[in-house]
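Below: the structure, in structure tokens.
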Amino acid sequence: MDSSSRPLRRTAAIRRVLLSCTVALATTGVMGGLAPPAHAAYDDGPEAPAEAPDRIEPFADYQPQSTCDPVAKPGTRALAQLLFDYYGTGRNGGITRQCSIGGRSEHKEGRAFDWMLSVNRSNERAVAEDFIDWLLDEGPDDEDGYNARRLGVMYVIWNGRIWSASHADDGWRRYRGPNPHTDHIHISLTWSGAMKETSFWTGEVADVSGDEDEDPPEDDD
């Protein structure tokens, strides 16, 4: 065996062991409905194309859908592809939605992505929790929600719970919408995240400010 390939194979083996442990926890129900405390390193997941600046984006404000433009934006497409390439699990549940369907939703502006993963399938649930850990874990300088901030994530809905950047101090809260999101993760992005302009993609801090007086919706599926 080529000695240069040994570190890569050793790393892959370690990942398989860690993922197996996560699957075991999910199967026994230890994880429960809430996402568990972060345990994966901020870089134990998809690699950012751009090096992080010295100071990354703050937590994003809520930027609600206000136009009818159901065209998948470049950052949303890139994030979906990144997750499929890295985790190799689930399917694309859609980025866009016609404006006549349902209430306010970032899907209608191409800024939201539904990643189809089921809580009832242990391997898919393990991947979902692994991704959430990576997304919300601390960064190299103890920055909370490191990758969520660098990507411009506004909120994530999964398994009856919602995490909102605009309410990051509250952690995971009960989601009261009609769809409990037990068969998919919903990810909504700011405009800069959706346009692939945040530091995750460019290395430059983007504007993620919005309407601080509004809360994310309770019926976005």
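Points worth noting:
- Solvent-accessible area per residue, Å², over the stretch 101-153 with all protein chains present [probe radius 1.4 Å]: 29
- Our estimate of slack between C68 and R174, defined as 0.36 nm per intervening residue step minus the Cα-Cα distance, is 35.3 nm.
- The I101 and R121 beta-carbon pair, evaluated with R₀ = 30 Å, returns a calculated FRET efficiency of approximately 0.65.
- Sequence ranges 43-51, 99-107, ranked by mean other-Cβ count within 10 angstrom, highest first: 99-107, 43-51
- The stretch 130-146 and the stretch 58-79 have their alpha-carbon centroids 21 Å apart.
- Spin-label pair H167-A50: with each label point 7 Å from Cα along the Cα-Cβ axis, the two points sit 3.1 nm from one another.
- Protein accessible area in the stretch 69-221, 1.4 Å probe - carbon and sulfur %: 38
The values are calculated or read from the model by the stated rules, or taken from the named source; none is laboratory data. Since the model is a prediction, treat every value here as computed from it, not as a measurement. Cβ sites come from the backbone with ideal geometry, for glycine too, and all protein chains shown count toward neighbours. Only protein heavy atoms, including side chains, enter the accessible area calculation; ligands, DNA and RNA are left aside. Shrake-Rupley method; radii C 1.70, N 1.55, O 1.52, S 1.80 Å.
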